[in-house]
Amino acid sequence: MALQELLLVRHGESVGNVAATAAELAGAEAIALGIRDADVPLSDTGVEQAQALATRLRDADPVPQIAWVSPYLRAQQTFAIATADGPVIDTVVSDERLRDRELGILDLLTRRGVAARHPEEAERRAHLGKYYHRPPGGESWADVALRLRSFLRDAADAPAEVGLVVAHDAVVMLLIALLLRWDEEALLDFASRHTVLNASVTTLRRHGAQWELADFSDVRHLQREGAEVTVHPGSADVEPE
């Protein structure tokens, strides 16, 4: 038995998402968040989104036999809420390779904050590009892709036909790129035009030796259950304003 389908879920809205968006809109340099990234919980809206996600997972046919979950609190909470009343998933693995991208010295800074406090990093980002720029103490997208390649090698041997991943927007985007064998240009073009929404479900299916993107960032379950659809594009990175 080999994986034939992967459901990729981004965690529900977190208090970090809310704080980051508020800081960007206010033109602040820093995001007012006094907890480390791994401990950021869901917002009240995120809890409602995770509850709505439960209906999507219960309707899955077939039900995932295995789930891999980021160890970060917001992902763990999303999974726990979404599966509290089923479906029953045989194997659940907390995998640190699915954690969010680490931003190092740019953590908790807005675009304005990066430009003001670390202009040299904005220059390096402009020169290297989003995929290869690694903030001091942090990770580039290429670094995240490397740990996800390791994850996919292990996942390929899982005794399951359908798997579920609950993680973060960058992780979802990079798993798509790796499975579809996109190069840097194709990935960045897609990412510039698409956002992985909170509590969305992205579906990939295998056809022979190839994977295909069957559905991207589906939030119809949120709409059916009356949960708010939130647009938080994730890390500000150091894109120009």
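Proximity of backbone amide H atoms, modeled 1.01 Å from N, is registered between Trp68 and Val93, Leu164, Val165, Val166 at under 5 Å, excluding neighbours fewer than 5 places apart on the same chain. Take the Cα of Glu184, step 7 Å along the line toward its Cβ, and report every residue of the stretch 80-102 whose backbone nitrogen sits under 20 Å from that point. The answer is 101-102. Quick check: residue separation of Arg205 and Ala38 times 0.36 nm, minus the Cα distance between them. What number comes out in nm? Length gained between Arg205 and Ala38: 57.1 nm.
Solvent-accessible area assigned to carbon and sulfur over the chain amounts to 49 percent, based on a 1.4 Å probe. Distant-in-sequence amide contacts of His133, defined by a placed amide H-H separation under 5 Å and a gap of 5 or more residues or a different chain, comprise Trp141. Packing, taken as the mean count of other beta carbons within 10 Å per residue, orders the peptides 120-126, 109-115 from highest to lowest as 109-115, 120-126. Between the amide H of Ser14 and those of Ser43, distances stay under 5 Å, these residues lying 5 or more places away or on another chain, with hydrogens modeled in the peptide plane.
Here mean projected area of the Cα convex hull in nm² was computed from the coordinates, and among (i) 14.7; (ii) 12.3; (iii) 13.9 the match is (ii).
Of all DSSP bridge pairs formed entirely within the chain, close to 50 percent run antiparallel.
Take the Cα of Ala30, step 7 Å toward its Cβ, do the same at Arg117, and the gap between the two points is 0.5 nm. If you take the Cα centroid of the stretch 1-57 and the Cα centroid of the stretch 84-103, the two points sit 14 Å apart.
Placing dummy labels 7 Å off each Cα toward the beta-carbon, the span from Asp107 to Leu128 is 1.8 nm. Expressed per residue, the C-alpha convex hull volume of the stretch 84-180 stands at 122 Å³. Computed over protein heavy atoms with a 1.4 Å probe, the accessible surface of the chain works out to 46 Å² per residue.
The values are calculated or read from the model by the stated rules, or taken from the named source; none is laboratory data. Computed from a predicted model, the values in this text were never measured in an experiment. Counting neighbours? That spans all protein chains shown, and the Cβs are built from the backbone with ideal geometry, glycine included. Side chains included, ligands, DNA and RNA excluded: accessible areas come from the protein's heavy atoms. Shrake-Rupley method; radii C 1.70, N 1.55, O 1.52, S 1.80 Å.
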